[in-house]
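The block underneath contains the structure these notes are about, expressed in structure tokens.
The values are calculated or read from the model by the stated rules, or taken from the named source; none is laboratory data. Just so it is clear, the model here is predicted, and its values are computed rather than measured. Don't worry about glycine lacking a Cβ; one is built from the backbone with ideal geometry, like all the others, and counts go over all protein chains shown. Protein only, heavy atoms only, side chains kept; ligands, DNA and RNA dropped before computing areas. Shrake-Rupley method; radii C 1.70, N 1.55, O 1.52, S 1.80 Å.
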Amino acid sequence: MLANISVPLLGMIDAMILGHLGSPVYLASVAVGASFVALVLTSCNFLRMSTTALASRQVENKRASESLDLFRSSVQFALLISVLVILLSPWLADLGTQLMLGKDKTSEIDSYLHEYLQIRFLSAPFTLLNFMLVGWAIAWQKPTLAVISLTVTALVNILLDVIFIMGFGWNSAGAALASVLAEAVSTLTSLVIFSRYFPFLFKQSWFTLPKSSLLWSFLAINRDLFIRTLSLSFSFAFFNHMSAGLGVATVAANAILLQLVAFQSYLLDGFANATEALVGGESKKYRQHILVQSFGMTFLFTLGFSLLSLVMIPWLPGWFTDQVAVQSIIKDLLLFVLLLPLISVFSYWLDGVAVGLQASRAMRNSLLISTFGIFMPLCFLLKSWHNAGLWAAFFAFLLARSLTLAPLLWFESKRV
């Protein structure tokens, strides 16, 4: 949990600083830009999930040679995707500006958005390598390694945000540069830590291809997880795209609310990460016990967290922004957003079970149904409700993830 929440903390710190600059334009541009970056880079979070799923089985069976192959394959795959992203970054920045703003594209936001995107895509190698390294640490049930690395990311990002935004006045560009440098420092920290805990991983030839059986398993699970994660990232990008047509203040307010949603999801993913490592590393004899225990702990924590969050309602809007129009929109929806974990917790926990069982097809199909069968149609059907309709569609999306993943996972688990 501590490792996970450092990820959304980066976005929350950006939002808190940019939200007090006197104009919602900077916060809106960074929010929309971060959403598109997530669509491209966070879609590759399948590297973390697939590494955890495959490595946990090898840890259980003590297959040293396969572990080396998997680690090498993950690194090679992450670097290959990173090179492609950087080479295509000018085109991706143009695409992001057009896609995210669409017909509502205005010079008030688009110049800041384009600048933000060009800088942020430079973090691709660091982001993707961190995904893989965190996945490996979770599989070996050493989350402390991930905590150290990601805590460094949060602290460096906060420091650089203050220097670049508050000190130099670089605003949205400063937020992007701070994130890139923080990711770089985090990756270097991770590599140093891994070289001490897992020195055998670095004593190998990096130009050797993995065994065909492992490569096929790696590509097969990554294919499904990539489609699943791309669908999830697309839903958030589409959410921001629809927000863009409701005005700058609404984009900024929704950006803050989505930061709270991200914080909730990453926090609860700590239980999902533990579940996937334990389910994947244990024999079938103990899985039922683990599932019951992990679900009970997850739900009780979520209930307590949601009740505690309600106490913070009077202060949260002011922490993020001093813009009256933005605060008003936040206050209208804050109670609803803070209670969302009681609905979304089931999908997060089920994701952990699915990763542990390598049930990637169930995760893929659930997200495809929820995104394209529920969320997007409802966004258009409830368009007359404006921002309330957008959030109602998002609520239905989270509910659909749980209702579809449970039966799909049950059917696929029969063959595991």
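Just need a number here: residues in region 234-254 that are open to solvent by 10 Å² or more (accessible area, probe 1.4 Å) and in a helix (DSSP H, G or I).
So the answer is 9.
Looking at Gln264, Gln293, which is the one that is modelled with pLDDT of 80 or more and surrounded by fewer than 18 Cβ atoms within 10 Å (Cβ to Cβ)? It would help to see each step written out before you state the result.
On the way: Gln264 fails: surrounded by fewer than 18 Cβ atoms within 10 Å (Cβ to Cβ).
That would be Gln293, the only listed residue that is modelled with pLDDT of 80 or more and surrounded by fewer than 18 Cβ atoms within 10 Å (Cβ to Cβ).
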(message) Within region 394-413, does at least one residue satisfy the condition of being of a type in the set (Phe, Trp, Tyr), at pLDDT 90 or above and within 21 Å of Ala252 (Cα to Cα)?
(response) yes
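Conditions tested, residue by residue: (1) over 23 Å from Leu79 (Cα atoms); (2) open to solvent by 40 Å² or more (accessible area, probe 1.4 Å).
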position	(1), (2)
Trp140	no, yes
Ala146	no, no
Leu159	yes, yes
Val162	yes, yes
Val180	no, no
(request) Could you list, in sequence order, all residues of region 350-368 that are more than 14 Å from Trp410 (Cβ to Cβ), crowded, with 21+ Cβ neighbours inside 10 Å and of a type outside the set (Gly, Ala, Ser)? (result) Asp351, Val355, Gln358, Arg364, Leu367
(request) Have a look at Phe200, Phe164, Phe218 and point out the one that is in a helix (DSSP H, G or I), among the aromatic types (Phe, Trp, Tyr) and at pLDDT 80 or above. (result) Phe164
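Yes or no, residue by residue, for (1) open to solvent by less than 10 Å² (accessible area, probe 1.4 Å); (2) among the small types (Gly, Ala, Ser); (3) at pLDDT below 70; (4) over 23 Å from Leu150 (Cβ atoms):
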| residue | (1), (2), (3), (4) |
| --- | --- |
| Gly11 | no, yes, yes, no |
| Gly33 | yes, yes, no, no |
| Asn45 | no, no, yes, no |
| Lys62 | no, no, yes, yes |
(request) Kindly provide the set of residues from region 296-319 that are surrounded by 12 or more Cβ atoms within 10 Å (Cβ to Cβ), more than 27 Å from Ile330 (Cα to Cα) and not polar (S, T, N, Q), ordered by number. (result) Met297
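Residue-wise test of (1) touching a Pro at 6+ places or on another chain (Cβ under 6 Å); (2) closer than 24 Å to Ile13 by Cβ; (3) in contact (Cβ under 8 Å) with a residue 40 or more places away in the chain; (4) not in a loop (DSSP other than H, G, I, E, B).
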site: Ile330; (1), (2), (3), (4): yes, yes, yes, yes
site: Ile343; (1), (2), (3), (4): no, no, yes, yes
site: Gly352; (1), (2), (3), (4): no, no, yes, yes
site: Leu367; (1), (2), (3), (4): no, no, yes, yes
site: Gly389; (1), (2), (3), (4): no, no, no, yes
(request) Please find, among Met363, Met376, the residue that is assigned to a helix (DSSP H, G or I), within 24 Å of Ala139 (Cα to Cα) and not basic (Lys, Arg). (result) Met363
(message) Going through Leu338, Leu368, Leu381 one at a time, which residue ends up being within 29 Å of Leu308 (Cβ to Cβ) and not polar (S, T, N, Q)?
(response) Leu338
